[in-house]
Amino acid sequence: MNILYSWLADFIENPPPPQDLAAKLARVGLKVEEVRKTGAAFSGVCVGQILKIDKHPNADKLALVDVHDGRATMRVVCGAKNIAVGQKIPFAKVGAQLAEGELKKAKIRGVESEGMICSAGELGLEGYDNSGILVLSDAAEVGVDASALFPKADYLLEIEITANQGYALSHYAIARDLCLFYGLRLKAPAVPALDAAGAAVPVEVKVPDLCPRYGAIVMKGVKGARTPEWMAARLRAMGSNPKGSLLIDVSNYVMYELGQPTHCFDVAKLGGPAIIVRKALPGEMLKTLDGQDLKLDPGMMVIADASRPVALAGVMGGLDSSVSEETDLILIESARFKPSTVRLASKASGIKSESSYRFERGTDPELPLKAARRLAGLILEAVPGAKVEQVSDNYPVKYQPPVIGVDPARVNALLGTGIVDGEIFACLKAFQPDLKESKPWQFTVPSYRQDIEIINDVAEEVARYVGYDVIPSASNMPMRPSTVTPLWAVTTELRNTLAGLGFSEAYNYDFVSAKELKVCGLAPEEALELKNPLSSDYQYLRPSLLPGLLKALRYNLNRGRDGALLFELGTAYARKDAGKAEEVYCAGLVCGPFPEEGFWQRAAGAADFYALKGVLNRLFAGRSGFRYEKPKKAPAYFQPGLCLEMKLGGGSAGFLGRLSQAACAASDLKDTGLFWFEIPLSGLAAAGKTEFWQKIAKVKPVSAFPQNWRDLSIVLEERHEWYDLERSFSGVQDLASARLVDVYKGKNIPAGQRSLTIRFTFSSMEKTLNDAEVGLRMTAILDKLAKNFGAKLRA
């Protein structure tokens, strides 16, 4: 928020110099981002008049301009497009001090320029059109000092206001804080004691829980009211563009001054005329001041006349009831609205305004009528013939300030300080002059401090008052031993292992769009939808980590990479009964060269199903009960027949396989050679060991006798999976391993069948097995295969 020093000084007797304000405000928790000079800080610039314009002989976009400064005519090179003969302009002579420094004599494209026609930016002026030169009023006298036409030099402070500092969103509020914490004398703004018993425009509040106070002042005789130059100058310095109409600009002025948003209605355009504060009805529309045709939700609060909405409460007024040059009778609105209602309306409508920004953070419940009177007083100063017809204050829900019992010992305990009781009492008394000394002190929270709710908030104000530097940097909190949760241990292990295998970790939002749900084969109604999404791109909670990783892959491929090895650790969400279920996953994909970079003796191979299976074998190495099975029901985004389910003990440990063409196409990926795995971590965490000693693998004895191996080639129907065959080998005496070494289909193999060559390795802990003993074991294996799968020995 911008604060103008001269405006701030209106409310402080003997204000501190602007150079000291940044440090003083920072000490009480208001961070000043920047302090810069504004106004007419230039010199050596006079009012000039353009007499003649010629083309530059050496440049099409430049012109030679004859400028008269009241004494002589000088030739200037100028590139602005908005110059015209007869204009009065700010003319800087050589040696003038401008915003960028001293103006020196220059030769531009072969022609010497004797000065410069200035833009507002070159003069350091805020709030003017900077697209060309600054054109002055025809009434300006040629030759006079141009600085006399603009506000005097001032200082603008840019203050960072956090979400809980809504009380500080005005000049008066900043002045109040400075006076309170530094013992300065606060000067109140000039607020006339207006009163009028008439009821030219009746006001009705139908939703007092959403609008606890609505102040209205009706004024007549304001037609053609113009904004005084001093007010316009202050608004420009604030970065606001004054419209010239007092009825528009004065609302912004009062908001910047007191922090209370206000609005002026043209009473002639109000049906009735009447003002009704209510909720919007189904199907109602409102054309806002910025020209939008807004369809109103039934939950929105509106300001309506006798027949239709005329403003979206706390957000923006309506165009059809707005003031104009012809407006003579106005209603000044100054109200208090429930912050959450304004926030929802602003979000639903997509309209952010200075008013909604303040209402969302909570406004002072005692300020509305004061601000309305201040606004009316400024109009009366500018238009003495104006008349107040009505002053009404609809206050259905009276504000009851909270009272907090303050024990100084509790304040010190919260801050970790030893502040004396008297200093704490002085802080509270600065807020509440009539505070009684009996303990615990009964502190009545000021109406403008809606953020003070409990003793902790009071302690923070005490810290601001005495200075945060009194809080010791040492902590008395005992150090506690760190603990490792099973889930954290599993995620850390998987992250480190995958990184060691050449994978890169990705981070994605938990939110996806309806289009991205198609990747997972889900309809939008099957996913969890957010009630208040930031945009349609973040409308649903992700049911899988797949959309985000495919987006990351596409990003890399579009920038020239041949492929990528990516993984992510994150949460996926699904519907469960009437609620939702969450699961943390480790998921990843491989695409392109594997490993990503080859070496000089051998180029990198291409990622395939078996490369990914090798990665999973490494991830699950040392975990007993790990195996692969044919899935009974695989996720829809896997290609049928190229997917395996991983098992750990009796439960599922996830899936791996090739992504379907539909999933790749839904992500705008042409390459369909994408392989994906996903591992739910709840099962791994439950079976995991967090202590170091539990992770140490137990040593197993190795046979001292040589191994024996035999190859067996069999023919069987294609429908039989290797997994089923492998399971049938359990129980074979002295069998150390069984490994599939060849698969063959073709000549001499009947249709619908295939040949498998399996290598069996035998090892005994007691002796060296002879050929006869190994032969008996091989016969037993062949009998099992023949009985269970109809296998025959290949001829």
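The values are calculated or read from the model by the stated rules, or taken from the named source; none is laboratory data. All values reported here derive from a predicted model rather than from experimental measurement. Here the Cβ is made from the backbone with ideal geometry for all residues, glycine too, and neighbour counts use every protein chain on show. Areas reflect the complete protein model, heavy atoms only, side chains present, ligands, DNA and RNA absent. Shrake-Rupley method; radii C 1.70, N 1.55, O 1.52, S 1.80 Å.
Some notes on this structure:
- Of Lys31/Lys370; Lys630/Lys745; Lys55/Lys107; Lys152/Lys387; Lys531/Lys633, those spanning more than 24 Å from alpha-carbon to alpha-carbon: Lys31/Lys370; Lys152/Lys387; Lys531/Lys633
- Under the criterion of Cα pairs below 8 Å and six or more residues apart, the relative contact order for region 380-533 equals 20 percent.
- Heavy-atom accessible area per residue - the chain, 1.4 Å, Å²: 51 Å²
- Peptide ranges 423-430, 726-733 listed from the most packed, as the mean C-beta count within 10 angstrom indicates: 423-430, 726-733
- Under a model in which nothing but the beta-carbon of Lys, Arg (+1) and Asp, Glu (-1) is charged, the chain shows a dipole of about 2680 debye around its Cα centre.
- Normalised by the number of residues in the chain, the mean separation of alpha-carbon contacts (under 8 Å, six or more apart) gives a relative contact order of 8 percent.
- Listed by chain and number, the lysines placed with their C-alpha closer than 23 angstrom to that of Lys700 are Lys689, Lys767; residues fewer than eight positions away on the same chain are left out.
- Against the chain, whose longest principal axis is taken from its Cα atoms, helix 339-349 shows a tilt of about 70°.
- Within straight-line reach of Lys695, meaning a Cα separation under 22 Å, sit the following lysines at least 8 residues removed in sequence or on another chain: Lys647.
- Here is the P(r) of region 653-753: all C-alpha pair distances, binned every 10 Å from 0, give 9, 20, 26, 29, 13, 2 in whole percents.
- Protection proxy ranking for 105-115, 696-706, using the average of other Cβ atoms within 10 Å per residue and placing the highest first: 105-115, 696-706.
- Considering only Ser504, Ile50, Pro481, the residue lying farthest towards the positive end of the dipole of the chain is Ser504, judged by Cα position with unit charges set on Cβ.
- Descending by average beta-carbon neighbour count within 10 Å, the peptides 311-318, 197-204, 42-49, 518-525 line up as 311-318, 42-49, 518-525, 197-204, the highest first.
- Rounded percent of accessible protein surface that carbon and sulfur make up, the chain, 1.4 Å probe: 51 percent
- Euclidean distance of C-alpha centroids, region 125-159 and region 219-266, integer Å: 19 Å
- Per the Debye calculation on the chain with a single equal scatterer at every Cα and no solvent contribution, log₁₀ I(q)/I(0) for q = 0.08 Å⁻¹ amounts to -0.96.
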